[in-house]
Every structure is written in C-alpha cells, then in structure tokens.
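These notes concern the structure reproduced below.
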Amino acid sequence: MDAAPYLAALRDARHVVVLTGAGVSAESGVPTFRDRQTGLWATFDPMQLATPSAYERDPSLVWGWYEWRRAAVQSAQPNAAHRAITAMAAAVPRLTLITQNVDDLHERAGSASVLHLHGELGRPYCAVCRRAYALPPDPPRVVPDGERIEPPRCESCGGRIRPGVVWFGEALPQAQWRRAVDAASRCDAFFCVGTSSLVQPAASLTDVAIRAGAITIQVNLSPTDMDARVAHSLRGAAGSVLPGLVSEVWGGGNRGGQHRAR
Ligand code: BV8
Ligand code: ZN
C-alpha cells in the first residue's frame, strides 16, 4: 500500500509540469527574494531594484546588482533539487520545466529547453535598440559587498546595456508565457517548487493546473498562499524532498521509453 496518495497518479502521469522559484536555488547559495540582502544591497528592497525606474534613476547601481548576482550564480553549483528535476524529466514521457529564476542552474544540471518566464542573467541587451549584448567569457569581477558598475554601451547605437531579465511592470516573454499556460492547462501533474507564489502572472499557473484537473503538489520549506489550493503540500527543503520523491515514484529506472523535456 503506497504511503502517499499521489504516488500512483504520478506514476501514470504522461505530462508533468514543474514550476520553480528562488527556493530551488537557495541550497546552491543563491539568495532568494525573501532573504535579507547583504553589503551595498542591504538597504534596498529587491522588488524596488528590479524595476525600469530604478535603472533609469541609477543605472550603475542596478547594473552593479545584477553583475553581483551573476558572479554569485557563476560560483554556485546546481543542487540535488535541480538534479532531481532532470531525473524526473528522464523518467516521464513529457516534462515541461518553467522557472521564475534568472540563473542557469537548471541548465547546468542538465535540464533542456527551460522556460524562463522572467528572463536570464546571461542574456543582457541594449535598452535602446534591444540588440543582444555578448558578455565577456570570464566571470564578472565584483567586490564581495557589491558596488556600482557603469553598464557597458551598445556597439551598434551606443545605448546602455540592461540585464536580460523581466522587471516588475514589464511584460513576460510572450512565447514562453503561452507555452507555460498551454502546458499547465494540459498536464497530468503540476509541481510548484520553492516559490512564494506571490508574483503574477507566474503564480497563476498553479491555478491553471488546478482548474485543468491536474494533480498539484507544492514543495516548500514554509507555508504559502498555495497551501489551501494545491492537492498536496510537501513541507521541506527541495534538495531533500524532490530526490526522495523521484526515487520513490520512478525508482532508478525510467518508465516512459524515449522521451525528452519539452
Ligand atoms: C507585469 C526577474 C504587466 C528580475 C522577477 C496581479 C496582482 C498583483 C500584482 C500584480 C498582478 N499582476 C501583475 C502584478 C504586478 C507584479 C507582481 O506580481 N507584483 C507582486 C509583488 C505582487 N507583476 C509584474 O510586474 C509582472 N509584469 O505584470 O506586467 C504588463 C503586462 C503587459 C504589458 C506590460 C506590462 C512581472 C513580474 C516579474 C518580475 N521579475 N524576476 C530579477 O530576478 O531581478 S520576479 C522575481 O521575484 C522572481 O523571478 C520571482 O518571480 C519572484 C520571487 O518569488 P520566488 O521565486 O517565489 O522567491 P521568494 O524569495 O519570493 O520565495 C522563495 C520561496 O522558496 C519561499 O516560499 C521559501 O519558503 C521557499 N524556499 C526557500 N528555500 C527553500 C524553499 N523551498 C524549498 N526548498 C528550499 N531549500
Ligand atoms: Zn543599441
């Protein structure tokens, strides 16, 4: 007799969707938006810094913050939660991985075609002509406590380069958003992992899956507004809950035959 009521449903799932937030990178040492900021950033609310107006007001402060975060991500390693999601993709016929994170830890854990709803630190572009900007290969040299760094200039129009992320008040990339909504409305099982489910429209994807009749499972260290709405809420660190669940549901081997993440 299976302990958890959802194990059987997960085993039969043909299409699994996983939505992740900052909590999935926390065990890699990447601070979440809830964590107190340090150094120069301690006096700033991340939600204020991640806005077009902050960049207009003080571009070198905002660029400095993103270079500091890019350096932190480059010196971080994917953790067991990232790897468990890659293993889950190998065990099921179809998995769609949607993230709010701007780091590349899912990709470095081997996940393919990750839908980045809020952009990526590695894809800056010109704030004027939107031309992509090629970052130098070596990791950004930043002082531990962070510092203002003047944004580089666009080779084509001389405009300032901005981080390749979606700021508050800005629209999400429509192609990724449409694919995310489509997957959430068609999946059999939907996980929301390490997210406070406060930022919209990303958080509404869980409600799309609930309305579509999928089995919904939250993995979080702490309670969130989703506790009352998801079918199952697993309380704990993603880096220990997910590997345990993947081996319990799909064992070591894969069950879905030839399949890829999409
Ligand atoms: C838009 C990129 C309009 C930048 C980010 C409806 C109602 C109310 C408000 C709105 C609404 N619709 C829109 C809004 C406004 C706003 C919004 O949602 N505001 C919130 C604050 C109320 N949304 C927007 O502005 C969006 N754009 O609406 O545009 C528009 C439309 C058309 C045309 C033009 C304009 C854009 C939102 C995207 C903003 N960019 N990131 C950057 O990263 O710098 S959001 C950013 O914050 C992250 O990407 C993420 O989405 C969010 C942080 O949330 P989480 O990832 O969940 O992280 P958090 O720290 O909050 O929580 C961590 C969780 O993990 C916790 O629960 C913790 O317990 C848990 N945890 C920690 N450790 C672990 C763990 N769990 C498991 N294991 C662990 N080890
Ligand atoms: Zn330009």
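Read-outs: derived from the displayed coordinates by stated rules, not from any lab. Here the structure is a predicted model, which is why all the values come from computation and not from measurement. No Cβ is skipped: glycine too gets one built from the backbone with ideal geometry, and neighbour counts run over all protein chains shown.
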### Task
Work out, step by step, the length gained on full extension between residue 36 and residue 129: first 0.36 nm times the residue separation, then minus their alpha carbon distance; give nm to one decimal.
30.0 nm
### Query
Distance in nm between label sites at residue 108 and residue 141, each 7 Å beyond Cα in the beta-carbon direction?
2.1
### Task
Would you work out if segment 106-176 is rounded, prolate or oblate? Take a ≥ b ≥ c from the square roots of the eigenvalues of the alpha-carbon gyration tensor; rounded if a/c is under 1.5, else prolate when a/b is larger than b/c, oblate otherwise.
oblate
### Query
Short version: ³J(HN,Hα) in whole Hz for each residue of segment 71-84, in order, from phi by Karplus 6.51 cos²θ - 1.76 cosθ + 1.60 (θ = phi - 60°), x for Gly and Pro, what are they?
5, 5, 5, 5, 8, 9, 10, x, 10, 4, 6, 4, 5, 5
#### Entry: Whole-angstrom gap from segment 112-184 to segment 24-70, using each part's C-alpha centre
14
### Message
Just to confirm a number: summing +1 for Lys and Arg and -1 for Asp and Glu over residues other than residue 229 whose beta-carbon lies under 14 angstrom from that of residue 229, what do you get?
### Response
-2
### Task
Please work out whether segment 51-98 counts as rounded, prolate or oblate from its C-alpha gyration tensor, where a ≥ b ≥ c are the square roots of the eigenvalues and a/c under 1.5 means rounded, while otherwise a/b larger than b/c means prolate and anything else oblate?
oblate
### Summary
Between residue 233 and residues 5 or more places away or on another chain, the pairs with built amide H atoms under 5 Å apart involve 218
### Message
If I take R0 = 22 Å and measure r between the Cβ atoms of residue 185 and residue 232 in this structure, what FRET efficiency does the formula 1/(1 + (r/R0)^6) give, to the nearest 0.05?
### Response
0.65
## Note on the structure
Note to self, the chain gives a 222 nm [θ] from helices alone (DSSP H runs n ≥ 4, -39500 (n - 2.57) apiece, / all residues, nearest 500) of -9000 deg cm²/dmol
